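The values are calculated or read from the model by the stated rules, or taken from the named source; none is laboratory data. All values reported here derive from a predicted model rather than from experimental measurement. Cβ placement follows ideal geometry from the backbone for every residue including glycine, while neighbour counts extend to all protein chains displayed. Keep in mind that these areas ignore ligands, DNA and RNA; they rest on the heavy atoms of the full protein, side chains included. Shrake-Rupley method; radii C 1.70, N 1.55, O 1.52, S 1.80 Å.
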Amino acid sequence: MEKTVKDHLQDIFDDLGQEGQKKFKSKLLDRREEPRVRRAAVEKLEDAIDLTTLMVNTFTETGAVPVTVQILKAIGFHEQANELTQNAGQSPLVPSPAPSNNHQSSTAPPHEHFIDRHRIELIKRVNNVNAILDELLQMNVITDENYSAICAEKTSQEKMRKLLMGPIKSAGIKGKDSLYKALKDTERCLIEDLEGQ
């Protein structure tokens, strides 16, 4: 039987042992991004199974993997982070750039989704918004109502802004992954350019 995301997370947490789990839980409490984890919930955890359940319940199965990978890397468990990435699969998250004097790279979160990282460029440069909307509608990411409301906007920039701030934002990682796929299909050159930056 194929392993689930929960199985992979549990394997990783078992690998960490008690000391590693203690470091992981400490770093988890230090997270400033939403959703945050309550100290009381972490203090109740007894083993890898409890920790896995907390991660999935807090971040969903899709969101738990990138958060876990981020924390594992932060506490020095790079091998486990890479193993989890390979085994559980990842959405197209963009790794953090190497430290430089560029102000933007130093403030970017370590595992920001491609769509979030390039939001401004996508709003400015995507032209074929209607084709993207067609794909998203077919994937059931947006509704007919969303489609009509976005198409009613006059410029490509207004359409992209409305798409990103409305249905894609509320669809979370699944929505961003679907938009990324639609962009690769319809705006391949733009995506390759942004990925190369």
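Restricting the search to the stretch 50-61, which residues are surrounded by fewer than 17 Cβ atoms within 10 Å (Cβ to Cβ) and touching a helix residue (DSSP H, G or I) at 6+ places or on another chain (Cβ under 6 Å)?
Residue satisfying the conditions is 61 alone.
Give the residues of the stretch 10-28 that are open to solvent by less than 60 Å² (accessible area, probe 1.4 Å) and within 19 Å of the chain's Cα centre (by Cα), sorted by residue number.
28
In the list 2, 33, which residue meets the criterion of being in contact (Cβ under 8 Å) with a residue 12 or more places away in the chain, open to solvent by 30 Å² or more (accessible area, probe 1.4 Å) and out of contact with any helix residue (DSSP H, G or I) (no Cβ under 8 Å at 6 or more places or on another chain)?
Criteria check complete, one pass: 33.
What are the residues in the stretch 174-194 that are crowded, with 19+ Cβ neighbours inside 10 Å and among the basic types (Lys, Arg), if any?
Answer for the stretch 174-194, where residues must be crowded, with 19+ Cβ neighbours inside 10 Å and among the basic types (Lys, Arg): just 176.
Looking only at the stretch 117-176, which residues are over 18 Å from the mean Cα position of the chain (by Cα) and of a type in the set (S, T, N, Q)?
If the condition is that a residue be over 18 Å from the mean Cα position of the chain (by Cα) and of a type in the set (S, T, N, Q), then 127, 128, 130, 138, 140, 143, 146, 148, 155, 156, 157 are the ones that fit.
Would you mind stating whether residue 171 is part of a helix (DSSP H, G or I), open to solvent by 30 Å² or more (accessible area, probe 1.4 Å), at pLDDT 90 or above and out of contact with any Lys or Arg (no Cβ under 6 Å at 6 or more places or on another chain)?
no
Determine which member of the set 75, 123 is at pLDDT 90 or above and touching a Gly at 6+ places or on another chain (Cβ under 8 Å).
75
In the stretch 49-89, which residues are of a type in the set (Gly, Ala, Ser) and either at positive phi or within 16 Å of the chain's Cα centre (by Cα) (or both)?
63, 64, 76, 81, 88, 89
Based on this model, can you work out whether residue 39 counts as among the basic types (Lys, Arg), free of Cβ contacts under 8 Å to residues at least 12 places away in the same chain and within 25 Å of residue 113 (Cα to Cα)?
no
(1) in contact (Cβ under 8 Å) with a residue 60 or more places away in the chain; (2) touching a Lys or Arg at 6+ places or on another chain (Cβ under 8 Å); (3) not in a helix (DSSP H, G or I): which one isn't true of residue 62, the others all being true?
So the condition that residue 62 fails would be (3).
Here are the criteria: (1) part of a helix (DSSP H, G or I); (2) under 17 Å from residue 119 (Cβ atoms); (3) not small (Gly, Ala, Ser). Tell me which single one residue 197 does not satisfy.
Unmet for residue 197, out of (1) part of a helix (DSSP H, G or I); (2) under 17 Å from residue 119 (Cβ atoms); (3) not small (Gly, Ala, Ser): (1).
Conditions first: (1) under 25 Å from residue 172 (Cα atoms); (2) in a helix (DSSP H, G or I). Residue 16 passes all but one, so which condition is the exception?
With (1) under 25 Å from residue 172 (Cα atoms); (2) in a helix (DSSP H, G or I) applied to residue 16, the lone miss is (1).
State whether the residues of the stretch 88-95 include one that is farther than 21 Å from residue 193 by Cβ, modelled with pLDDT under 90, part of a helix (DSSP H, G or I) and small (Gly, Ala, Ser).
Yes; the residues of the stretch 88-95 include at least one that is farther than 21 Å from residue 193 by Cβ, modelled with pLDDT under 90, part of a helix (DSSP H, G or I) and small (Gly, Ala, Ser).
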